[in-house]
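This report concerns only the one structure given below.
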Amino acid sequence: MFKSSKTLNNPQKGSFGYIDYTKKKALITSALSLASVLIIFFTGVIIYNSNKSLFSIIAAVAAIPAAKLITGYIVRVPYKTGDAKLYETLKAKSAKNAEYEAIIGADFIISSSSKSMGITFAYIINGKVICYTASNKTNTKETEKYIKEVFDNEGTQYSQIKVYSDESKFLKNVDEVSTEKGKECTDKRIFEKLCVYSM
């Protein structure tokens, strides 16, 4: 099982606490980048009493990466790390299978060409991907369809993909699969692929 903790200083992609960590980091870097652009621009204005100087050109160039950082933060704003109690519940359910524990992924923001989709938790075992989203902006059916398309295009093996917005239904499905024998290589590949397509 992939283990993670919200107390880690630097949570990795796909681990619990990753969204909250990266959102704070993105806010700080965005603010610093924007401040740098403004400082460069107004330095030129003060020195030359004009906004037409080399400083303005430098500020314009610096604004491009700053805009990307700000966009990255804005995309993350609607999402947050899931409930710690639910995460502990999933770990306990995973441990029911002494032979092979499920992989518990967390804090995914899957990005397509047109939208982003939040997956709070992904319970992966025996090629099955049982997901829960706490985001009301995430359409479960569209998310299922998109993940299947990505996996099919990449040749990633799976036997089921299900996304729930109802926590009780999610946990019921998790209970149904939690004692199944996992396919270690397949399940790890699924987790890695979710990480690749997540912000």
Highest GNM mean-square fluctuation, the chain, Cα pairs closer than 10 Å: which of Asp175, Asp107, Asp187?
-> Asp175
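At 30 angstrom or more along the helix axis (alpha-carbon based) and mean Kyte-Doolittle of 0.5 or higher, what helices does the chain contain? Whole DSSP H runs only. Let's see the in-between values first.
On the way: long enough: 18-48 (45 Å, 1.21); 54-76 (34 Å, 1.69).
Going by DSSP H runs, the hits are 18-48, 54-76.
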Alpha carbon centroid spacing (whole Å) that separates segment 134-158 from segment 37-98 = 26 Å
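What number, in nm² with one decimal, is the all-direction average of the projected area of the convex hull of the alpha-carbon atoms of segment 77-187?
For segment 77-187, averaging the hull's shadow over all directions gives 6.7 nm².
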Top positive-direction residue, dipole computed over the chain with Cβ charges, set Ser33, Gly14, Ile190 = Ser33
Please build a GNM for the chain, connecting alpha carbons under 10 Å apart, and tell me which residue among Ala26, Ala62, Ala106 fluctuates the most.
-> Ala62
Do the sum for the chain: with -39,500 (n - 2.57) for every DSSP H run of n ≥ 4, divided by all residues, what is the mean residue ellipticity at 222 nm, to the nearest 500 deg cm²/dmol?
-> -17500 deg cm²/dmol
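Based on Cβ point charges of +1 for Lys and Arg and -1 for Asp and Glu, what charge dipole magnitude is obtained for the chain about its Cα centre, in debye rounded to the nearest 20?
The calculation lands at about 400 debye.
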Convex hull of Cα atoms in segment 18-76, direction-averaged projection (nm²) = 3.7 nm²
Please sort 189-196, 122-129 by packing, taking for each peptide the average over its residues of neighbouring beta carbons within 10 angstrom, highest first.
-> 122-129, 189-196
Residue with peak Gaussian network fluctuation, the chain [Cα springs, cutoff 10 Å], from Ile46, Ile70, Ile119 | Ile46
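Take the eigenvalues of the Cα gyration tensor for segment 30-132, scale each by 5, and report the square roots as semi-axes in whole Å, largest first.
Values: eigenvalues 465, 33, 19 Å².
Values for segment 30-132, descending: 48, 13, 10 Å.
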From the Cα centre of segment 99-122 to that of segment 173-194, the distance in Å is 13 Å
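At most 14 other Cβ atoms within 10 Å and a DSSP loop assignment: could you name the trypsin sites (Lys or Arg not before Pro) in segment 32-77 that fit?
On the way: sites: Lys52, Lys68, Arg76; in loops: Lys52.
Answer by residue number: Lys52.
Readers should treat all values here as calculations from the given coordinates under stated rules, not as data from a laboratory. Note that the coordinates shown come from a computational prediction; the quantities given were computed from them, not determined experimentally. Every residue, glycine among them, receives a Cβ derived from its backbone with ideal geometry; neighbour counts consider all protein chains shown.
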